[in-house]
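Have a look at the structure below before the remarks.
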Amino acid sequence: MKRAHHRKVRVFVRPGRHARLRAMAAGWLAPVAAAVLVVGGVVVWGTVSTRDQSGAPASGSSFAPSKLLLLELRSRDAVMIAVVGSSGTPPPAALAIPPNVVMTIPGQGDGTVKEVAPLNGSEAAVAISNLIGAWIPHYVVTDPNHLGAVVDRMGGIQLFGSVASGEEVVAGLTEPGPARALTWRETLIGLFEAGPRWVPDDFLGSDDAAAGARLLTAAKGAALQALPTADVTPGYLRPDYEAVAALMEEWFGLARQPPVRVLVLNGTGSPGVGELVAERLIPEGYRVVISENASSFDHRETLVVAGSEESRQAAERIRRLLGVGALSVSAVPSGLGEVTILVGEDYTNG
């Protein structure tokens with residue numbers, strides 16, 4: 001194993017092609033002040049459907065958090081996403097992700113949930129895991145027609161107060177415009193209330209279709225929540241990460257701890273480096289806040305840079321998780337995250 005080298009360095013992050021989105025979302029990197037919540041500055045889609053919290057068991061030795069699944073609906077011109085949690089101690093729950101949330105997509109840079117559409121299912125799962133601060137081990141991808149077939153198997157579902165057929169659901173999910181996101185949420189509520197038995201043939205793709213079908217079937221009665229967000233500019237939302245962490249703890253039973261913020265710079269030019277690094281780090285409590293190319297692609301050795309002496313331990317843990325690289329402490333903190341990773345050929349070729 002390579003020995004860790006410790007030296008003081010200066011790391012500069014170039015603006016990158018996503019500087020405009022990052023500037024709009026500059027407030028992400030600091031906790032949302034409680035005062036803002038009091039005066040209503042945080043815009044939350046709110047609880048779309050509810051459950052009785054009084055029966056939720058207390059955490060204990062036998063407590064198991066919900067198992068998470070990414071449910072992705074793909075149509076010709078849009079993608080709708082929800083995170084479903086079931087098969088744990090907490091009652092089933094789901095989280096609807098607004099399509100206009102600005103986020104960091106590991107390996108791709110900054111964008112919105114809409115830009116998850118070109119990604120495959122595993123890449124989308126990494127991106128949404130990074131967004132919610134919790135690892136999503138499984139994903140399923142479906143489309144309006146497959147979802148309509150599930151609805152018809154149930155003899156219809158409740159949609160906007162009346163029973164809708166699969167054909168009506170398909171029409172609502174393929175109609176362009178802002179109402180489509182609302183139809184998606186209402187369809188989820190109707191499906192969770194009806195509680196269909198899902199089967200692998202209901203999906204276009206999955207990392208494990210049988211596991212996806214089991215988790216969705218177990219989600220009968222799930223309460224649907226919406227990702228807590230705040231306005232960042234007209235037409236865009238930013239995640240309220242503090243509220244998201246609280247929601248993941250309350251509704252999915254996941255331990256609440258502030259993720260360590262990480263900048264990932266691709267110093268090799270190899271595609272998908274940011275995603276590979278994120279797959280290693282997100283399950284261990286890290287969040288990628290910047291994922292971009294380095295200023296050059298000639299870096300042979302990975303460099304893990306702590307933003308300060310206080311971040312040295314977190315940086316050393318990252319170096320161990322990656323299995324390669326030299327450890328350094330920055331003389332000039334980036335101010336954007338606790339640790340910067342300049343990925344070299346020793347990681348991509350390892």
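Points to keep in mind about this one:
- For region 208-350: accessible area per residue (Å², 1.4 Å): 40
- Per-residue packing, averaged as other Cβ atoms within 10 Å, sorts the ranges 304-312, 79-87 into the order 79-87, 304-312, beginning with the highest.
- The candidates Arg280, Arg197, Arg317, Arg76, arranged from most to least accessible area with a 1.4 Å probe in the full protein assembly, appear as Arg76, Arg197, Arg280, Arg317.
- Heavy-atom accessible area per residue - region 98-196, 1.4 Å, Å²: 36
- Accessible-area order (highest first, 1.4 angstrom probe) of the listed residues Asp201, Asp152: Asp201, Asp152
- Rounded FRET efficiency, nearest 0.05, which uses the C-beta distance separating Lys220 from Phe160 and R0 of 25 Å: 0.75
- Efficiency of FRET from Cβ geometry, Arg280 and Glu310, R₀ 25 Å, rounded to 0.05: 0.65
- Kirkwood analysis of the Cα pair distances in region 116-224 returns a hydrodynamic radius of 14.5 Å.
- Here the label points at Ser122 and Thr233, each 7 Å from Cα along the C-beta direction, are separated by 3.4 nm in the simple model.
- Accessible carbon and sulfur surface of region 217-292 relative to its total accessible area, %, 1.4 Å: 49
- Length released on extending from Phe297 to Val199, taking residue separation times 0.36 nm less the Cα-Cα span: 30.8 nm
- One Cα centroid belongs to region 184-205, the other to region 69-113; the line between them spans 15 Å.
- Which of Asp298, Asp143, Asp110 is most accessible, then next, and so on - probe 1.4 Å: Asp298, Asp143, Asp110
- Estimated translational diffusion coefficient (Stokes-Einstein, Kirkwood radius over Cα pairs, 4 °C, 1.567 mPa s) of region 228-349: 84 µm² per second.
- Built amide H within the under 5 Å cut-off of Asn293, gap 5+: Asn266
The values are calculated or read from the model by the stated rules, or taken from the named source; none is laboratory data. Remember, it's a predicted structure, so these values are computed and weren't measured experimentally. Here Cβ is always computed from backbone atoms with ideal geometry, including for glycine, and neighbour counts include all displayed protein chains. Just so you know, the surface numbers come from the protein's heavy atoms only, side chains and all, with ligands and any DNA or RNA stripped out. Shrake-Rupley method; radii C 1.70, N 1.55, O 1.52, S 1.80 Å.
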